[in-house]
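To start, the structure itself, in structure tokens.
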Amino acid sequence: MQGNQAIGDNSGSTTAGRSAGSRSARRRAVRRAAAPVAVTVAAAMMLAACGGAKKNTDDKGEGGGGTLVVDTSFSLKTADPGRTFEPTGIMVTRPVYDTLLTFANGDVTKPVPLLASSYEASPDAKTFTFPLRSEAKFSDGTPVTAKDVVFSFNRVKNLKGNPAFLLDGVTATAKDEHTVVLTTAAADPALPFRIATPALGVVNSKTVAAHGGSDAAGADQGDKAEQFLNGDSQGSGPYKITKYDVSTEVILTRNENYWGTKPKYAKVVVRNVPANTQQLNVLSGESQISLDMSPDQAVKVKGQAQVLQQPTPTTAFLFTNDNPAISPTTSNKDFQEAVRYGLDYKSLLDVAGAGSAQAAGIVPSFFTGALDPGKAIQRDVPRAKAALAKAGLNNPSVDLYYASDVTINGINFGDLAARVQANLKEVGININLKPAPTQTALDSYRNGSEAMGLWWWQADYPDASDYLAFTPGELVSLRAGWKAEANPEVSGLAQKAKTATSDTERVTAYKQLQEAMNKTGPFMPLLQPAQVIAANNSVKNLRYNPIWYIDVDKLG
Amino acid sequence: MNATRLFLGDRLGADRTPSPDDDAPRRKPRRAGKSPWRSPLAVTGLAIIGVFLIAAVFASLISPEDPLAQKWPKYQSPSGDHWFGTDQLGRDILSRVIHGTRISLPLALLLVVLAMVIGTVLGAVAGYFGGWIDMVVMRCADLVLAFPAIILAMAVVAALGPNLTNAVLAVVIVSWPTYARVVRGLVLTLRQSDFVQADRLLGASGWRVLAVDLRPNLAGPVAVLAALDLGNAVLLLSGLSFLGLGAQPPAAEWGAMVNAGSANFDAWWVAVFPGAAILLSVLAFNFLGDTLRDALDPRTARAIRK
């Protein structure tokens, strides 16, 4: 999907060597405004939907349970876990390929064991030991061994695909048949969080190798297993892939050999359906779950279906370029303060819709190390006006750049920019809106030539360390002209957060860092958009997971 | 013969514009009350355009609110407070539709005049002088006509950068060839006429022939074409804005407003009212164009009626 490029806005990296495209995958619910196409597709989908409806009652697997139909706007490229990093791909891969660790019940602050029976980190956070469950087996009945884990991890690294950065600096070794040891070059307390990413699902090394899979260096050229994995899944998860079509639908069938608690639904159909049609489908019972409605659409569904509305791990932020060569106005510290306190964060949430939340700091609210909502900046017009006066600026005029064709979880960035413009007008700052198509806007954003920019950052994995990119001299900061030597205090705190190993140390360090960044610097975190999940009332146990939307295997 | 009469008319009465009556045979005087301007369509068209013109001129006086003020709750359905409801940012849609006339009407007029002038001059020159000028101009016109107008306009705006000025420029670029083709055809048929030949023999230059002898004969058809093109221009401009290539936020432009409404069909009023404004203005301009054709170009009008 075109919007994927936009995640590319994250691209480049905090972790050395991450490929430029790595972020491009994780852009969920980012859609190009392509109304005519959408209408055509909608019509086609409605036809398809009519055809698919009958299946709901027919297919009862041997364990009973029926079919679950999930509607989403596809962002899908491959069923090969070693290459997948797209939102839909991650959702589909999750119940097919079990990972060593996972996040239970949508709680991403704590990785819990899945294929591993427990895990242990050394005090220096450089060695991680994972004893494997002996009962775990693949869908063909072969037991899961340490060899499979090492093969899968090495394969991800050597494929050099989008998820490869997750294992940068990590060496996987099989201590014995049922113990995996991961060692890292530097202290890496965030590793368990990355291990829980569905891209690091464990594949059956024997069958994958037999079908051209390779975990050796040069696998990016030598590995031929993608096509095989698109047709036939080789994981140890509760579901198997029985149909895989990147443009229409993916069908998962229950793995009757599953080693853990078997899921209730015998079959899960994930269909590519545009957001407007999803609303109709859930109401008519055509599908059970919709993942892409906007908060404004959700209002109409309430009462007739269950609706979850929660903030996503995406942070929409504004920056004022700190580089005087780009703009002497925006690099002025007092001007930055005026913008920070001139924004009406509550009114921005109104644009984003119910379920969105003000971003207290740059780290999303439900991650370890997030700032308390009480610490969020509140609008203070007199303070903003005073700062503007102190800067010696009288009705300054500044250009605000943004991608005009992007909609994230129902938020049109043009609308958000228009609201920012109205907010700042009230404190005496004139904003000229400079919209551009994503591709063009990304260029000016990446070379750091935007005086002010309205962008977003989506978490690559649920840990605060992903946000060090916003500290002086790092990836995003350079785009905002915030050079390495610009703010020694923030840089020092960032260094402290990076090297802290214990959980409590890390939480304190990241909180301090964000508080400092809320006082000074070019970034103003605005909000986290709302994810809307609407489901038919027959679906039980519905929970939102910030990384893979829903646990299909846990639905009852 | 028609041409002869025109020639005589020109010689005798300097360069007066031929009145519609010139074309109608004098022996059969038209019955009173048959003026095309009195037909229901003409009256409707003029009335609508009149309303839009008043709205455009007095927009800030008659619109109830500031079109850019984001003071109200978003997606309020039409009510006594907001006749047309509010949009996704809580702006008053009635005020925005009224202010939209200030963008759509003057720009449509401007771009039609530009396209008309450029197209007419190029077409006349190509038709009269022929040769390589004709070749170059007409191949350029063919090049433009080979593409669907909106697609070419999109490409032009994409290349120049999305804003209203470039959108107008793009529409001018795609619409001049129509005028050039029509005018060239007319000039080709007229330039062998006796009255042109006579003027040439009297020593008139090519430019004088074009400006004095041919201009009055071209004015009618070109004016008709331009009037019919106005509706088209409004539609193309709104189309570009709908696609995000024309007016940029927060400007109140009809096409952009329809686009905002298409994001949420439940709030039908966001798209319906600006959409209706586009519909009405295009319809009115077409009525006006038809009437103008009946008045200035009765032969075509009669041919169509048959």
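In this rough spin-label picture, where each label sits 7 Å from Cα along the Cβ direction, the B:Trp207-B:Phe147 distance is 3.3 nm. Structural descriptor for segment A:149-201: relative contact order 33 percent, calculated from alpha carbon pairs under 8 angstrom and at least 6 residues apart. Ordering A:Val282, A:Tyr402, A:Ala190 by the projection of their Cα atoms onto the charge dipole of chain A, which places +1 on the Cβ of Lys and Arg and -1 on the Cβ of Asp and Glu, puts A:Val282 at the extreme positive end. Coupling constants for segment B:99-105 follow from the phi torsions by the Karplus curve (6.51 cos²θ - 1.76 cosθ + 1.60, θ = phi - 60°), and in residue order they are 5, x, 4, 6, 8, 5, 5 Hz; glycine and proline get x. Give the shape of segment A:313-528 as rounded, prolate or oblate, defined through the alpha-carbon gyration tensor: a ≥ b ≥ c are the square roots of its eigenvalues, a/c under 1.5 means rounded, and otherwise the shape is prolate if a/b is larger than b/c and oblate if not. Rounded shape, in that the Cα axes give a/c under 1.5. One decimal place: the segment A:Arg543-A:Thr183 gains 126.2 nm when fully extended, by the rule 0.36 nm per residue minus the C-alpha distance.
The modelled label-to-label distance for the pair B:Trp83/B:Trp268, using points 7 Å beyond Cα in the direction of Cβ, is 2.0 nm. Normalised by 2.2 N^0.38 Å, with N the number of residues, the alpha-carbon radius of gyration of segment A:97-221 equals 1.00.
Candidate membrane-span-like segments in chain A, meaning DSSP H helices with Cα atoms spread over at least 20 Å of their own axis and a Kyte-Doolittle mean of -1.0 or above, are A:35-52, with no membrane implied. Its alpha carbons give segment B:107-305 an Rg and a Dmax of 19.6, 72 Å.
Which of A:Lys300/A:Lys511; A:Lys126/A:Lys496; A:Lys157/A:Lys264; A:Lys110/A:Lys206 have a Cα-Cα distance over 27 Å? Cα-Cα > 27 Å for A:Lys300/A:Lys511; A:Lys157/A:Lys264; A:Lys110/A:Lys206; rest within.
Per-residue mean of foreign Cβ neighbours for A:345-358 is 1 (Cβ atoms of other chains, 10 Å radius). Of the residues A:Gly355, B:Leu122, A:Thr440, the one whose Cα sits farthest toward the positive end of the charge dipole of the protein assembly as shown, with +1 on the Cβ of Lys and Arg and -1 on the Cβ of Asp and Glu, is B:Leu122. Evaluate the Debye formula for the protein assembly as shown with equal point scatterers sitting on the alpha carbons, no solvent, and hand back log10 of I(q)/I(0) at q = 0.10, 0.11 Å⁻¹, in q order, two decimals. These q points yield log10 I(q)/I(0) values of -1.09, -1.24. Once the convex hull of the alpha carbons of segment B:77-173 is built, what does its volume come to per residue, in cubic angstrom? Roughly 118 Å³ of hull volume per residue.
Residues in segment B:266-285 near a label at B:Thr44, defined as backbone nitrogen under 19 Å from the 7 Å Cα→Cβ point? Under cut-off, by backbone N: B:275-285. The magnitude of the dipole of segment A:97-221, with charges of +1 and -1 set on the Cβ of Lys/Arg and Asp/Glu and taken from the Cα centre, is near 120 debye. Treating r as the C-beta distance of B:Leu279 and A:Ser397 and R0 as 56 Å, the FRET efficiency rounds to 0.90. Rounded to the nearest 20 debye, the dipole size of segment B:107-305 about its Cα centre is 480 debye, using +1 on the Cβ of Lys and Arg and -1 on the Cβ of Asp and Glu.
Ellipticity at 222 nm from helices only: DSSP H runs of n ≥ 4 in the protein assembly as shown, each -39500 (n - 2.57), divided by the residue count, give -13500 deg cm²/dmol. Over segment A:97-221, Cα pairs under 8 Å with separation of 6+ residues give a relative contact order of 32 percent. In this Cβ point-charge picture (+1 for Lys and Arg, -1 for Asp and Glu), chain A has a dipole of about 540 debye about its Cα centre. Please give the FRET efficiency for A:Lys243 paired with A:Asp176, using the beta carbon to beta carbon distance and R0 = 35 Å, rounded to the nearest 0.05. It comes to 0.40. Over all directions, the projected convex hull of the C-alpha atoms in segment A:143-216 averages 5.0 nm² in area. At what distance in angstrom do the alpha carbon centres of segment B:124-179 and segment B:200-222 lie from each other? Centre-to-centre (Cα) distance: 25 Å.
Computed from the coordinates by the stated procedures, all read-outs in this text should not be read as laboratory data. What you see is a predicted model, and the numbers here were worked out from it, not measured in a lab. Note: ideal-geometry Cβ built from the backbone for every residue, glycine included; neighbour counts use all protein chains shown.
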